[in-house]
Amino acid sequence: MVLPTTLTAASLKARVVAKRLAVLFACGLLSACAYLGAGTEKPEVYLTGLRPLASSGFEARFMVGLKIVNMDSRALNVSGMSYRLKLNGHSVASGVSAGVGKIPGYSEKRVEVEASTNLLTSFRVLADILKNPAKPYAYELETKLRKPWWPTSITVVESGDISLGE
């Protein structure tokens, strides 16, 4: 069956228009995403404390004190976070927390979260600490903050040296 050429031309024109609209929509969506992230300052996260909790088996638990600083003028709503503490490049504690809450613009919030470590994987770090208790150790705190409506997390890394034996 042969279709009339006017119908074929109309359908081709409709396809071209639909493709152009799809490209315009995609460009608009990308521009909106770029605008939402533009001009925002990355928050800072600092380790403020670490105290042991009751342990069971080969798992040690800690209460980790964190200070989250919102460096932006807009409020930062944190729906969840994950964190990992490393000493001399070895992961020694990690954990997750939900519902940290809203941090107003240009302010800070202190939170306490639980972290755990598997003692078997931490023996190397522990043996090194016992050999040289006064030696400063490199630490790294990697925190991933999740906004409730944003598809990716904000990764914040704090690092420095800490002396554990004084």
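Work through the residues other than residue 87 whose Cβ is under 12 Å from its Cβ and net out their charges, Lys, Arg +1 and Asp, Glu -1. Taking every other residue near residue 87 into account, the sum is +1.
I'd like the FRET efficiency for residue 108 and residue 40, computed as 1/(1 + (r/R0)^6) with the beta carbon distance as r and R0 of 22 Å, rounded to 0.05. With a Förster radius of 22 Å, E is 0.85. With the convex hull drawn around the C-alpha atoms of segment 44-163, the volume per residue stands at 106 Å³. Computed from the Cβ-Cβ distance with R0 of 25 Å, the FRET efficiency linking residue 138 to residue 69 stands at 0.65. Converting phi to 3J(HN,Hα) with the Karplus coefficients 6.51, -1.76 and 1.60 and the offset θ = phi - 60°, segment 106-113 yields 6, 9, 9, 9, 9, 10, 10, 10 Hz in sequence order, with x at every glycine or proline.
Net charge near residue 155, counting Lys/Arg +1 and Asp/Glu -1 over other residues with Cβ under 10 Å of its Cβ?
Residues near residue 155 contribute +1 overall.
Taking amide H positions as placed in the peptide plane 1.01 Å from N, state which residues far from residue 71 in sequence (5 or more) or on other chains have amide H under 5 Å from it. Counting only residues 5 or more places away or on other chains, the set is 44.
Bear in mind that the values in this text are calculations on the coordinates, not laboratory data. Fair warning: this is a prediction, and the values are worked out from it, not measured in the lab. Counting neighbours? That spans all protein chains shown, and the Cβs are built from the backbone with ideal geometry, glycine included.
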